[in-house]
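Working notes, beginning with the structure itself.
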Amino acid sequence: MNFTKQKMKVKLAAELFSISVANAIEYCNVKLKLKEFENSEATVEFLRIFNNLFDLLNSKSVWQRGLKRAISKENDKTCFDFLHKAELYNHNLKESRNGPSILQS
């Protein structure tokens, strides 16, 4: 396989792991009470954490707000607190409810 011809589709990943998708799933579960979205809370949390990680790791401007803002002295505590939370989340992420850690699989 020629990896130079296989560019990652980052835009598609960013759209999938987005706050909009998380909010839509949560809306279908909580407001519409659709059976297909029962017990989707873990998926919503996953999407929000990875959306925020994507925002933080792709931040470029100090003029943005929240985790989209580039790390500076004014927001370093918020950023590093979130990174620590995301690290713990990823470390404890499992294949399934009682399955092995993803890091061990």
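Any read-out appearing in this document is the output of simple, stated calculations on the displayed coordinates, not a laboratory observation. A quick note: this is a predicted structure, and the numbers were derived from the prediction, not measured. Positions of Cβ are backbone-derived with ideal geometry, glycine not excepted, and every protein chain shown enters the neighbour counts.
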Translational diffusion coefficient of the range 12-92 at 20 °C, 1.002 mPa s, Stokes-Einstein with Kirkwood Rh over Cα pairs, in µm²/s as a whole number.
156
Scan around LYS94 for amide H atoms under 5 Å from its own, H built in the peptide plane at 1.01 Å from N, and keep only partners 5 or more places away or cross-chain.
ILE102
Between the DSSP loop rule and a limit of at most 13 other Cβ atoms within 10 Å, which trypsin sites (Lys or Arg not before Pro) in the range 44-97 are left?
LYS60, ARG65, LYS73, ARG97
Using the number of other C-beta atoms within 10 angstrom as an exposure proxy, rank LEU83, LEU88, LEU93 with the fewest first.
LEU88, LEU93, LEU83
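Please count, across the chain, the pairs of lysine residues with Cα atoms under 17 Å apart that sit 8 or more places apart or on different chains.
Close lysine pairs found across the chain: 8.
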Longest the chain segment clear of GluC sites (Glu not before Pro) sitting in DSSP loops (not H, G, I, E or B) with at most 13 other Cβ atoms within 10 Å runs 1-37
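Given contacts defined as C-alpha pairs under 8 Å and at least six residues apart, what's the relative contact order of the range 12-92, whole-number percent?
Working: 67 pairs, mean separation 17.1, N = 81.
Result for the range 12-92 is 21 percent.
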If SER96, SER18 are placed from fewest to most neighbouring beta carbons inside 10 Å, the sequence is SER96, SER18
